Amino acid sequence: MLNQSLALGLLLVSSIVGLTTSKPAEAATCASFKTQEEATAYMQRTGETKLDRDRDGIACEGLPSSRVTTQATLPIVASTSYKVLSVGDGDTLRVTQGGNVPPLTIRLACIDAPEMSQGVYGPQASQRLKQLLPIGQVVSLKIGDTDRYGRKVAEVIREGLNVNLQMVTEGQAVVYRQYLNACSQSVQQQLLQAETVAQQRRLGFWQQTNPVLPAIYRHNTRA
């Protein structure tokens, strides 16, 4: 009788433990965090390496960073909207206003993308710009000048996103210091800060050990 009572008691305790034991928490995803820094701190604390897909020590790089602005919302003076017709390399595109107005060729101001013949980096920059500015995308232009090829030099704004700055932030283009004055002081500072961070993180063009700046590459090629 004693043995039966003991067995029943053990069974009851086991049942209670089974009911109160919580299930293991599900692994966190990038959607669980607001910034890269939060995700990276969690990864370092828990060892959840799935948050760092490219194994560069930074988790969830698709999230905004609290250290650098990944996109810039600019006070845009009332301007005509344009539609994207095509994208060439990583810093040129063609746009139209429609009707009988001739299309414009746009050179992205203050930045310089790798040439298409410059290893994999030129085609990668072109592909990324096509993703940011698909055909038919409506954009606003902050046109500052016309270059010697007849292209309008402009900041391209898509739904509040400064595309010029975004390309530098992702390491798909570099700051074109020779023509940096084509942008406002605030955008110049953002571009320089974004490039510094991209270099530190070895993003895109900056993955190379000894990267040759596009302007120098063009000069050497012509020479």
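The values are calculated or read from the model by the stated rules, or taken from the named source; none is laboratory data. All values derive from a computational prediction rather than experimental measurement. Methodologically, a virtual Cβ is constructed for each residue, glycine included, from the backbone with ideal geometry; neighbour enumeration extends over all protein chains shown. Only protein heavy atoms, including side chains, enter the accessible area calculation; ligands, DNA and RNA are left aside. Shrake-Rupley method; radii C 1.70, N 1.55, O 1.52, S 1.80 Å.
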- Quick one: in the stretch 200-223, which of the residues that are over 18 Å from Thr169 (Cα atoms) and of a type in the set (Lys, Arg) is most open to solvent (accessible area, probe 1.4 Å)? Arg222
- Having 1 or more residues that are at pLDDT below 95 is the bar; report the helices (runs of 4 or more DSSP H) wholly within the stretch 129-223 that clear it. 185-201, 214-222
- Message: Quick check on my filter: what residues within the stretch 140-188 are polar (S, T, N, Q), more than 15 Å from the chain's Cα centre (by Cα) and closer than 23 Å to Ile216 by Cα?
- Response: Thr146, Gln178, Asn181, Gln188
- Query: In the stretch 111-128, which residues are assigned to a loop (DSSP other than H, G, I, E, B) and either open to solvent by less than 60 Å² (accessible area, probe 1.4 Å) or touching an Asp or Glu at 6+ places or on another chain (Cβ under 9 Å) (or both)?
  - Reply: Ala113, Pro114, Glu115, Met116, Gln118, Gly119
- Looking at (1) farther than 20 Å from Glu195 by Cβ; (2) crowded, with 17+ Cβ neighbours inside 10 Å, can you tell me which one Pro103 breaks? (2)
